[in-house]
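Asker: Once you've had a glance at the structure underneath, I'll fire off some questions.
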Amino acid sequence: MPTLGWIVDDAVDFENAAHPLVVGAREPPAFACPFCAASFPSERRRSEHISLEHPIERPLLFVRGRLAPSSVTLRQRCAAGDLAVENCTRIRLRRNGEWEPVAAIDAALARIAASRDGHFQLELENGRRADGASAPARYTVSVLMAEAAELDAVDRLFLERLAADDVTVADVTRFGDALPRDRAAREYGSALADYVLGTLIKDQGRPSGVTLPFERFAEKYKSALAVLHELDRSVAATVTACIRFNLNQFEGDAVRSNVPVLDAAFAALAALARDQAALPTRPHCPGGRRIASCPIDRLTDEVLDAFEALGTHAPRHRRQALIERAESGLLSSQDRSKLLAFSAVFSVQAGDADLSRRALRMLANDGSFARWANRQLRELEP
């Protein structure tokens, strides 16, 4: 008589025969993407897919609606909302090397905006729960805001000592020595001094005590512009406009220098840089072209004089003289381009094809006006 064990063993044998075990027939492992329906045979393949198809966004800092560089200085008081971040889930903040006890993103940004002086380091992180990935970003924000009274004192000192035609390097040195002790006010004054030094460097022939080579003028102008362009002040606006005009920085916002001829000339050249052909037939600049609030170099004065004097019916010899001036003497490449641009555009408007071609060909590879010049050359082809 069969025993219980025999019955069980026999049943197991029957089951194994009906469903034989096949070694190695196991389902291959599948690693599903948490963001789409894709599946992969290995974690490495899935990781590569996520990196390529589902990259995590880097955190970004915006100042007054513009993407900030990794290091930025705030010189104007910030209003609510002037500082903002995107793609950020976590923030850490250090002020002058010490960690600040803030965890909320809005609170950290508000602390920076409320400061008038300080050095902040932001560590931003964009974390993703689905796969634990994160993207970091670091920003340095320096806050350097002077009191209005301090800046007013610097402006008065500048107008008294440096807004003249016969300034020397010694005058600039004395101006620097007389600046207020406040750090932000001194930075502002030093930027104004850099502009004047750049102007003296451009005017190499004048006995001003300058020893730096001509090419260094742009370095001084750029140093000044980095500080002055942020400040909503009359003197700063005029100097900023002069610098941008000198460096042919016609992109971005229009300048508002309160000097009619400078603003009109800037707008005209900015239109050409955008490949817009229209220019005023004769600029109407009430109030004259003298820039009382800051010194300008002789070449800028020549360029503004040419713009004011020329028009649709300007004599040919005046337009030709601009080309000859551009071909001779110690000129910056930017001034050369402006002289050629004015000669070209007024020659085009006057229907002077020969003189137009001569100036336009010299602008064909120019960094500011090449697109407009080449289009005009094509239109002048017979």
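The values are calculated or read from the model by the stated rules, or taken from the named source; none is laboratory data. The model shown is predicted, which means the values in this text are computed figures rather than measured ones. FYI the Cβ positions are ideal-geometry reconstructions off the backbone, even for glycines, and counts take in every protein chain you see.
Asker: May I ask you to verify whether Arg111 is within 22 Å of Ala184 (Cβ to Cβ), in a helix (DSSP H, G or I), among the charged types (D, E, K, R) and out of contact with any Ser or Thr (no Cβ under 6 Å at 6 or more places or on another chain)?
Answerer: Answer is yes for this residue.
Asker: Scan region 87-104 residue by residue and report those that are in a strand (DSSP E or B) and of a type in the set (Asp, Glu).
Answerer: Across region 87-104, the qualifying residue is only Glu98.
Asker: How many residues does region 115-152 hold that are without any contact (Cβ under 8 Å) to a residue 12 or more places away in the chain and either assigned to a strand (DSSP E or B) or charged (D, E, K, R) (or both)?
Answerer: 2
Asker: Name, by its number, the condition in (1) in contact (Cβ under 8 Å) with a residue 60 or more places away in the chain; (2) within 21 Å of Arg64 (Cβ to Cβ) that does not hold for Ala107.
Answerer: Looking at each condition in turn, Ala107 falls short on (1).
Asker: Okay, next question. Does region 246-272 hold any residues that are within 15 Å of Leu339 (Cβ to Cβ) and either at pLDDT below 90 or among the small types (Gly, Ala, Ser) (or both), and which are they?
Answerer: Matches in region 246-272: Ala265, Ala268.
Asker: Continuing with the same structure: So is Thr89 touching a Ser or Thr at 6+ places or on another chain (Cβ under 6 Å) and either under 30 Å from Ala224 (Cα atoms) or at pLDDT 90 or above (or both) or not?
Answerer: When the stated conditions are applied, Thr89 does not pass them.
Asker: Moving on to the next point. Out of curiosity, is Ser208 touching a helix residue (DSSP H, G or I) at 6+ places or on another chain (Cβ under 6 Å) and over 23 Å from Gly329 (Cβ atoms)?
Answerer: Here the answer is no, as Ser208 does not meet what is asked.
Asker: Output the residues belonging to region 307-326 that are surrounded by 20 or more Cβ atoms within 10 Å (Cβ to Cβ) and either farther than 12 Å from Lys338 by Cα or among the hydroxyl-bearing types (Ser, Thr, Tyr) (or both).
Answerer: Once the filter is applied, which keeps residues that are surrounded by 20 or more Cβ atoms within 10 Å (Cβ to Cβ) and either farther than 12 Å from Lys338 by Cα or among the hydroxyl-bearing types (Ser, Thr, Tyr) (or both), region 307-326 yields Leu310, Ala314, Arg319.
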